[in-house]
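K.L.:
One structure is given below, represented as structure tokens, and several questions about it will come after.
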Amino acid sequence: MEQIPILMVGDCLLVSIQVDMHDQLALALQDSLMTKIVDSNARGVMIDISALQFVDSFIGRLLNNIASMARVLDAATVVVGMQPAVAITLVELGLTLSGVRTALNVDKGLALIRRIIDGEERELDRREK
Amino acid sequence: MAKRHETIIPTLIEKHQKPLIDEWMAAQASFGTSGTSGDVETCTRFLTELRRGTAAGEIENLQAPVWNGMRELLGEQSRARALKGFSPSETAGFVFSFKRPLFALLQREVGASAAQLAAELQIATQLIDGLGLYTTELFQKSREEVISRQQQEMLELSTPVVQLWEGIVAVPLIGTLDSNRTQIVMESLLQQIVASGSQIAIIDITGVPTVDTLVAQHLLKTVSAARLMGADCIISGIRPQIAQTIVHLGVELSVTSKATMAGAFELALRRTGKSVVDRKPSQASA
């Protein structure tokens, strides 16, 4: 069965979706991603969907779910590289993915995750003082 | 299959072409279409085509191939008149005014036989009415083409996406926002965001006359789509009346908003880690 690779970059997990997502594959991705977060103690998850041309309501909801689940495991999720057509479709479907952070490309996504993690640590430092 | 009609009209036209045209020109002038009448050349072409069509006996079917030349001529005429801003009756008057000289001619030539006159008049009326209606239809169509072209141009003109700075784009919206326009604005904005890699988009609504719940919903859709791509939106140019309307309507604009484009630009610069400073502080304060 085909699988979407999950790469470890620093303390972040990088998922780049290059194939058409069917529901089974998406569920498998959600499953292995959560396992990987726990195993690797990752602080951030970045999902690159720049190669994705079609997104249905199921995938949209799944992205939202992944973000919520990752938050429970204390990892920040950033979705990067969404195509304009995909963004319009999701908005028309009424899925604004309000729980998901977004960035234009992988570069800006990594910077955003770094900022989120640093921000959380600064908050902790401030409380300790 | 349409019936073939035998008529003496083509013979009459051939015999009396010159006086027919003279009378027709006079009739056009008295039809209240002064200055709008066709020239002699056009009238001659009209008569030639009319003769060809009636000689073939095709009275009922103006779509027949024998009328191709006539349809082309009327097409040119009505298009030219539509573009010059003539009224529909002025345009159709060109054809309808031909009735008077033609009927007079028929009266003179076959007036002796009441039955033949009636038959010829019937054919002539049917023909001229058909041609007149066709002219009006064409006139209407060319007017509609003009309107739809202008609409299209307005849509294209009214949604420019401008790059204000590295990483900052702006859309100055002008005119009412309907779903059609929102779609176009959204598409061009999102494309520009990708193309320029901008993190911040400023939507300026100074030129939007009214903001009701529908317009607000359209705005929020655009904002959500931009956010999904990873760009933040700032709405600017909210006039005092619009601020009041928004609150009275109970619309929740859950976006950063600024009163002016300048304010939004300053905020955008600050968010991207830039700022504008006076080059010589001493002069500015003096």
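The values are calculated or read from the model by the stated rules, or taken from the named source; none is laboratory data. Computed from a predicted model, the values in this text were never measured in an experiment. Cβ sites come from the backbone with ideal geometry, for glycine too, and all protein chains shown count toward neighbours.
K.L.:
Any chance you could count how many residues in segment A:101-129 are within 13 Å of the chain's Cα centre (by Cα), surrounded by fewer than 20 Cβ atoms within 10 Å (Cβ to Cβ) and facing another protein chain (nearest Cβ under 8 Å)?
P.N.:
Number satisfying all stated conditions: 1.
K.L.:
With respect to A:LEU33, is the statement that it is out of contact with any Ser or Thr (no Cβ under 7 Å at 6 or more places or on another chain) and either without any contact (Cβ under 8 Å) to a residue 40 or more places away in the chain or within 24 Å of B:GLY167 (Cα to Cα) (or both) true? Show your work before the answer.
P.N.:
Working: out of contact with any Ser or Thr (no Cβ under 7 Å at 6 or more places or on another chain): yes; either without any contact (Cβ under 8 Å) to a residue 40 or more places away in the chain or within 24 Å of B:GLY167 (Cα to Cα) (or both): yes.
Yes, satisfied.
K.L.:
Could we say that B:LEU173 is within 30 Å of B:ALA262 (Cα to Cα), buried (at least 20 other Cβ atoms within 10 Å of the Cβ) and without any contact (Cβ under 8 Å) to a residue 40 or more places away in the chain here?
P.N.:
Considered against the rule, which asks whether it is within 30 Å of B:ALA262 (Cα to Cα), buried (at least 20 other Cβ atoms within 10 Å of the Cβ) and without any contact (Cβ under 8 Å) to a residue 40 or more places away in the chain, B:LEU173 comes out as yes.
K.L.:
Could you list, in sequence order, all residues of segment B:194-248 that are acidic (Asp, Glu) and within 14 Å of chain A (Cβ to nearest Cβ)?
P.N.:
B:ASP232, the sole residue that qualifies.
K.L.:
Here is a check on your reading of the model: is A:SER40 away from chain B (no Cβ under 14 Å), surrounded by fewer than 21 Cβ atoms within 10 Å (Cβ to Cβ) and farther than 30 Å from B:GLN192 by Cα?
P.N.:
Working: away from chain B (no Cβ under 14 Å): yes; surrounded by fewer than 21 Cβ atoms within 10 Å (Cβ to Cβ): yes; farther than 30 Å from B:GLN192 by Cα: yes.
The answer is yes for A:SER40.
K.L.:
Now for a separate question. Kindly indicate whether A:VAL80 is touching an Asp or Glu at 6+ places or on another chain (Cβ under 7 Å), touching a residue at least 60 places away in the same chain (Cβ under 8 Å) and within 12 Å of chain B (Cβ to nearest Cβ).
P.N.:
The answer is no for A:VAL80.
K.L.:
Continuing with the same structure: For segment A:60-71, does any single residue satisfy the condition of being over 17 Å from B:MET229 (Cα atoms) and of a type in the set (Lys, Arg)?
P.N.:
There is at least one residue in segment A:60-71 that is over 17 Å from B:MET229 (Cα atoms) and of a type in the set (Lys, Arg).
K.L.:
Moving on. Picking from B:THR210, B:THR222, which residue would you name as being of a type in the set (Ser, Thr, Tyr), within 31 Å of the chain's Cα centre (by Cα) and buried (at least 22 other Cβ atoms within 10 Å of the Cβ)?
P.N.:
After applying the criteria, what remains is B:THR222.
K.L.:
Give segment A:96-110 a look and list any residue that's in contact with a strand residue (DSSP E or B) (Cβ under 8 Å, 6 or more places away or on another chain) and in a helix (DSSP H, G or I), or say none.
P.N.:
Residues satisfying the conditions are A:VAL106, A:LYS108, A:GLY109, A:LEU110.
K.L.:
Separate question: Of the conditions (1) more than 8 Å from chain B (Cβ to nearest Cβ); (2) touching a Leu at 6+ places or on another chain (Cβ under 6 Å); (3) in a strand (DSSP E or B), A:ASN64 clears all except one; give me its number.
P.N.:
With (1) more than 8 Å from chain B (Cβ to nearest Cβ); (2) touching a Leu at 6+ places or on another chain (Cβ under 6 Å); (3) in a strand (DSSP E or B) applied to A:ASN64, the lone miss is (3).
K.L.:
For the condition touching a Ser or Thr at 6+ places or on another chain (Cβ under 6 Å), closer than 16 Å to A:VAL15 by Cα and among the β-branched types (Val, Ile, Thr), what is the one hit in A:VAL106, A:VAL45, A:VAL78?
P.N.:
The unique qualifying residue is A:VAL45.
K.L.:
Among the residues of segment B:245-264, are any in contact with a Lys or Arg (Cβ under 6 Å, 6 or more places away or on another chain) and either under 27 Å from A:ASP107 (Cα atoms) or buried (at least 21 other Cβ atoms within 10 Å of the Cβ) (or both)?
P.N.:
yes
K.L.:
Next question, about the same structure. What number of residues in segment A:84-99 are within 15 Å of the chain's Cα centre (by Cα) and at the interface with chain B (Cβ under 8 Å from one of its Cβ atoms)?
P.N.:
2
One line per residue, one yes/no per condition, for (1) of a type outside the set (A, V, I, L, M); (2) outside any loop (DSSP other than H, G, I, E, B); (3) exposed (fewer than 13 other Cβ atoms within 10 Å of the Cβ):
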{"position": "B:ILE128", "(1), (2), (3)": "no, yes, no"}
{"position": "B:LEU138", "(1), (2), (3)": "no, yes, no"}
{"position": "B:ARG143", "(1), (2), (3)": "yes, yes, no"}
{"position": "B:GLN152", "(1), (2), (3)": "yes, yes, yes"}
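K.L.:
Would you check if there is a residue in segment A:71-83 being surrounded by fewer than 21 Cβ atoms within 10 Å (Cβ to Cβ) and under 30 Å from B:SER188 (Cα atoms)?
P.N.:
Yes.
K.L.:
Follow-up question, since we're still on this one. Quick one: which helices (runs of 4 or more DSSP H) sit completely within segment B:168-286 and have at least 2 residues that are out of contact with any Gly (no Cβ under 7 Å at 6 or more places or on another chain) and under 28 Å from A:ILE47 (Cβ atoms)?
P.N.:
Ranges flagged: B:179-196, B:213-229, B:261-271.
K.L.:
Scan (1) surrounded by 20 or more Cβ atoms within 10 Å (Cβ to Cβ); (2) in contact with a Lys or Arg (Cβ under 6 Å, 6 or more places away or on another chain) for the single condition A:ILE6 breaks and write down its number.
P.N.:
Looking at each condition in turn, A:ILE6 falls short on (1).
K.L.:
What number of residues within segment B:41-85 satisfy the criterion of being hydrophobic (A, V, I, L, M, F, W, C), at pLDDT 80 or above and assigned to a helix (DSSP H, G or I)?
P.N.:
11
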